[in-house]
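Here the structure is laid out as structure tokens; the discussion comes afterwards.
The values are calculated or read from the model by the stated rules, or taken from the named source; none is laboratory data. For clarity, every value in this text was computed on a predicted model and none was experimentally measured. Positions of Cβ are generated from backbone atoms using ideal geometry, with glycine treated the same way; all protein chains shown enter the neighbour counts.
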Amino acid sequence: MSDEIKSQVQKQFAINAGKYVTSAGHAKGEDLALLVASSQATSDMNVLDVATGGGHVANALAPLVEKVIALDLTKEMLQVAERFIRGNGHLNVDFVVGDAERLPFDDDFFDLVTCRIAAHHFPDVSSFVSEVLRVIKPGGRLLLIDNVAPERDEIDQFYNEVEKFRDASHVRAWRKTEWIQMLEFAGLRMETMVSFQKRFMFEEWCNRAALPESERRELEASMLSAPSIIKKVFNFEENGHGGLISFQGESVYIQAVKPNFISK
């Protein structure tokens, strides 16, 4: 099943790679600004950007550090990221095809590992976390951003079902409490968690996943028929003509450190 999901991820992002470079929600935002500002980046750092996507984190950190490795499962995504980053004049970024759950790097190698708006596509997030712990130097940090699900079961289920319908490569948006548990159980120590409200414009959100028109209308109708509590939690914006303009989700910035006494 894991291999099937990863194959679906590669298929989905291969055909839509260019959209993620230009997507406003990926190219900029206060979450990206916070990650860079909190990175404490120095010119001697080695950084790994896992599931780099359009390359926005790697691009932002490249001028501040010695080396960035931009890793992604999808070759086509790396190609568009490389054009974007090289076009900005950054030559200290290497591009590596690789799996977030089996990182092809030595133990205790990176000062910083980043991962932004990607972990909800990973079939086995606990393996990703374990691999991050392994490749970070003691005292190094993970800076992670991802969409999260609400804590209530029925609202969590609604959000993840909607995301899965829109994009078959979606696995799960985890709850904030689940992230804390996974990271600390693995051996990382939580330092910071910051929550962001995230507005999804329905048509643009569907366009980015290349959702066919018939399925788009089916998804829209399904969402609009949701109970009132769902509409309130996700702050639906409707157009008055039976259409959905937008809804509001949540993402988090997480900063966690590998304690100095842990080395694998």
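Worth a mention:
- Qualifying residue in the range 110-133 (condition: at positive phi and under 14 Å from the mean Cα position of the chain (by Cα)): yes
- Test: residue in the range 184-205 that is within 26 Å of L103 (Cβ to Cβ), surrounded by 18 or more Cβ atoms within 10 Å (Cβ to Cβ) and touching a strand residue (DSSP E or B) at 6+ places or on another chain (Cβ under 7 Å): yes
- Boolean, E215 is at pLDDT 95 or above, closer than 21 Å to K164 by Cα, in contact with a helix residue (DSSP H, G or I) (Cβ under 9 Å, 6 or more places away or on another chain) and part of a helix (DSSP H, G or I): yes
- Pairs where the first residue, in the range 192-218, is in contact (Cβ under 8 Å) with a residue 60 or more places away in the chain and the second is part of a helix (DSSP H, G or I) and of a type in the set (A, V, I, L, M, F, W, C), C-beta under 7 Å, 6+ apart: V194/L34; A210/I15
- Candidates are the residues of the range 159-176 that are in a loop (DSSP other than H, G, I, E, B) and hydrophobic (A, V, I, L, M, F, W, C); the one that is surrounded by the fewest Cβ atoms within 10 Å (Cβ to Cβ) is A168.
- Residues of the range 42-54 satisfying the condition of being under 18 Å from L103 (Cβ atoms) and either under 13 Å from the mean Cα position of the chain (by Cα) or surrounded by fewer than 24 Cβ atoms within 10 Å (Cβ to Cβ) (or both): M45, N46, D49, V50, A51, T52, G53
- When the residues of the range 74-106 are filtered to those that are under 22 Å from A41 (Cβ atoms) and among the acidic types (D, E), the one that is surrounded by the most Cβ atoms within 10 Å (Cβ to Cβ) is E82.
- In the condition set (1) modelled with pLDDT under 95; (2) assigned to a helix (DSSP H, G or I), G53 is compliant with all but (2).
- Filtering the range 195-210 to residues that are part of a loop (DSSP other than H, G, I, E, B) and within 20 Å of A149 (Cβ to Cβ) leaves only A209.
- Restricting the range 223-258 to residues that are outside any strand (DSSP E or B) and in contact (Cβ under 8 Å) with a residue 60 or more places away in the chain, the residue that is surrounded by the most Cβ atoms within 10 Å (Cβ to Cβ): K258
- Residue in the range 140-158 that is aromatic (F, W, Y) and either touching a strand residue (DSSP E or B) at 6+ places or on another chain (Cβ under 8 Å) or part of a strand (DSSP E or B) (or both) present: no
- Members of the range 120-141 found to be touching a helix residue (DSSP H, G or I) at 6+ places or on another chain (Cβ under 6 Å) and within 15 Å of Q255 (Cα to Cα), listed by number: V129, L133
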